[in-house]
Amino acid sequence: VPERQRGELDAATQPAAEHTGSWLAAQGSWLLMAPAMMLPSALPTARHVALNSRWRRRQRGSAVFVATYLAVWLLFGSVVVSIAGWAHLPTGASWPLVLALVVAAGWELTAVKRRCLRGCHRTVPLPPDGWKADAACARFGLRYGWSCFGACWALMLPMALAGHASLLLMVVLTAIVVAQEGLVKGTRLGG
């Protein structure tokens, strides 16, 4: 291959490699950011799972619950980050982030959002032991994750678009999620 053609081939494949690298970096940052933002609001429910499990399987039940809960958020982030990459949204542009914040503010005012937030406080009885207990913890984690997804997807959308670039936005949105979880009226989780 002549030197000129080789240079043209390298130049043609470089943007694709950069795009793949930035997509992987965005996925990686989401994998770190989603648990950091969503776990604080799920800790009371994970505690409920632990307290309603037999002593020898408390950690296991909580781990199954948290893993299935986080799977919902990791899937959401993977899809949103992929769509943003596919749409070639500019990383430095502020208009996608502003639009996502407007959508989040609008979603906060809906009755569906409030219904989903109340769903985050519903508990289920858990079998005491065996594979049925693990399956129940996984189902509860998915149900809780789905309710939290319905309540918080719009708040997580700006973070999926901004990535790890805005630590202040991450802290503010996490505080909003935790405050909403703690202030909503629903079944009191306690022990």
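Coordinate-derived values only; no laboratory data. What you see is a predicted model, and the numbers here were worked out from it, not measured in a lab. All Cβ positions, even for glycine, are placed from backbone atoms using ideal geometry, and neighbour counts span all protein chains on display.
Structure notes:
- Extension reserve of the Trp146-Arg118 stretch, reckoned as 0.36 nm per residue once the Cα distance is removed: 8.9 nm
- Distance between the pseudo-spin-label points of Ala67 and Gln27 (7 Å out from Cα toward the beta carbon): 2.0 nm.
- Region 75-156: relative contact order in percent, alpha carbon pairs under 8 Å with at least 6 residues between: 36
- Between Leu51 and Lys132, the contour length at 0.36 nm per residue exceeds the alpha carbon distance by 27.5 nm.
- FRET efficiency for the pair Trp95 and Ala179, taken as 1/(1 + (r/R0)^6) with r the Cβ-Cβ distance and R0 = 35 Å, rounds to 0.80.
- Extension gain, Ala36 to Ala111, is 24.3 nm, computed as 0.36 nm per intervening residue step minus the present C-alpha separation.
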